[in-house]
There are 2 protein chains.
Amino acid sequence: MPPETLTPERILEATEDVLRRFGPAKATVVDVARALGVSHGSVYRHFATKAALREAVTQRWLDRTHDALETFAADSAGDAAERLGQWLDGLFAAKRRKAIGDPEMFATFMVLAGENSDTVTRHIAHMTEQLGRILTDGAARGEFVLPASVPVTARAVWDATCRFHDPVYSAEWSDPAIDTAYAAARALVLRGLTGNGPATADGRADG
Amino acid sequence: MPPETLTPERILEATEDVLRRFGPAKATVVDVARALGVSHGSVYRHFATKAALREAVTQRWLDRTHDALETFAADSAGDAAERLGQWLDGLFAAKRRKAIGDPEMFATFMVLAGENSDTVTRHIAHMTEQLGRILTDGAARGEFVLPASVPVTARAVWDATCRFHDPVYSAEWSDPAIDTAYAAARALVLRGLTGNGPATADGRADG
């Protein structure tokens, strides 16, 4: 095969493979260069330091969730409550898939996220910006009455669902009771925005 | 001074002192006995093992929050939305006071809580039982429409406010923006229960 051009994307893919094989403590830039059949200088031309490379791979991993949910954020014509519900469902499903489907890689990225708190902060800003667009549309359509400004309410929705997306809770995501807990939290949040939203998650309270 | 009777309460107080002085890794039952001027056999008559003693001191620490909030849970004659708001305020205030006022002891108890997950589970069950009583009263008074059964909704309220009571977030509790975030989450949860609850936390959305 002719040698492919060395792109940032190829380097990041190789870095993910190397992290999977060696773990976050042992993976080095030399391992990444070796996996690509290039010198480590070639890697450094794209990522100035090992830290920059690790940050970029963390961002790429987090952005996958971000990109998948953009559909719901962008669909400004649809019912906002439905979009918000789908966005939250999509978020929980994506996080679960990562945590339960590939627990070793998930643990690796938890280490990287701990090293790159600015990247995580940016990720949360992206996510709440998406939420904010749905909230803005919902308020404009008269579906939502927001308890605070758009950014503050978006963060409140993010916070109110943290058990279902913050990796610190990932050990609970395979608990059989988690779906019931999620449905109730989702209904509580949606009703907090719509006032008269879906009446029940799994049946009205019996007092 | 005449020697006091050796009670479980005195042992637990001494254990807390010893943990404060030596930290969770180094504190031993012998240290506790020495602090009390008794033999370690006397301590073991009340707590069969070191693990049982550490579990009891963890429970006592967690129960302090539980006991302080019981007032709001028990006041069945009052406005339920107001009681729930006060209960949540009291919970966040108590957790913050512990985390910010005495960070070393807080860190110590985080280690102990990690060792005693059953104690933590029981604590959450106590807290959501208190929440459940407020929800039951609110539903009976026609103030609340619950999105799920009382226990499931109580857990949803607990989960929806986790950023403001779960110790994993304690580093964020001294952030100046946390009060705004808390007010919005609180309003979202209350409105999720009342439908027509307090309209805004800090001003209506501007779209």
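The values are calculated or read from the model by the stated rules, or taken from the named source; none is laboratory data. Quantities reported herein were computed from a predicted structural model and do not represent experimental measurements. Here the Cβ positions follow ideal geometry from the backbone for every residue, glycine too, while neighbour counts run over all protein chains shown.
Side notes on the structure shown:
- The C-beta contact set for the stretch B:146-159 (first residue in contact (Cβ under 8 Å) with a residue 24 or more places away in the chain, second residue surrounded by 23 or more Cβ atoms within 10 Å (Cβ to Cβ) and of a type in the set (Ser, Thr, Tyr), distance under 8 angstrom, 6+ apart or interchain) comprises B:Leu146/B:Thr153; B:Pro147/B:Thr153.
- The stretch B:140-158, residues that are buried (at least 23 other Cβ atoms within 10 Å of the Cβ) and not aromatic (Phe, Trp, Tyr): B:Leu146, B:Pro147, B:Ala148, B:Val152, B:Thr153, B:Ala154, B:Arg155, B:Ala156, B:Val157
- Search result, residues across the stretch B:159-175 that are within 7 Å of chain A (Cβ to nearest Cβ) and surrounded by 19 or more Cβ atoms within 10 Å (Cβ to Cβ): B:Asp159, B:Ala160, B:Cys162, B:Arg163
- Failed condition for B:Gly85, given (1) crowded, with 18+ Cβ neighbours inside 10 Å; (2) outside the structural domain of B:Leu146 (by TED's automatic domain parsing); (3) over 22 Å from B:Ala107 (Cβ atoms): (2)
- Residue satisfying all of: in the stretch A:71-94; farther than 15 Å from A:Thr136 by Cβ and among the charged types (D, E, K, R); nearest to the chain's Cα centre (by Cα) among these: A:Asp89
- Among (1) at the interface with chain A (Cβ under 7 Å from one of its Cβ atoms); (2) at pLDDT below 95; (3) surrounded by 20 or more Cβ atoms within 10 Å (Cβ to Cβ), the one test that B:Gly197 misses: (1)
- In the set A:Gly207, A:Gly192, A:Gly114, only one residue is at pLDDT below 95, assigned to a helix (DSSP H, G or I) and either out of contact with any His (no Cβ under 7 Å at 6 or more places or on another chain) or not basic (Lys, Arg) (or both); that residue is A:Gly114.
- Test: residue in the stretch B:52-72 that is buried (at least 16 other Cβ atoms within 10 Å of the Cβ), modelled with pLDDT of 95 or more and of a type in the set (Asp, Glu): no
- Among all residues of the stretch A:12-22, there is at least one that is outside the structural domain of A:Ile124 (by TED's automatic domain parsing), among the small types (Gly, Ala, Ser), assigned to a helix (DSSP H, G or I) and buried (at least 18 other Cβ atoms within 10 Å of the Cβ).
- Qualifying residue in the stretch B:95-109 (condition: assigned to a helix (DSSP H, G or I), under 12 Å from the mean Cα position of the chain (by Cα) and under 18 Å from A:Thr161 (Cβ atoms)): no
- Number of the exception - B:His46 against (1) out of contact with any Ser or Thr (no Cβ under 6 Å at 6 or more places or on another chain); (2) closer than 30 Å to B:Gly195 by Cβ: (2)
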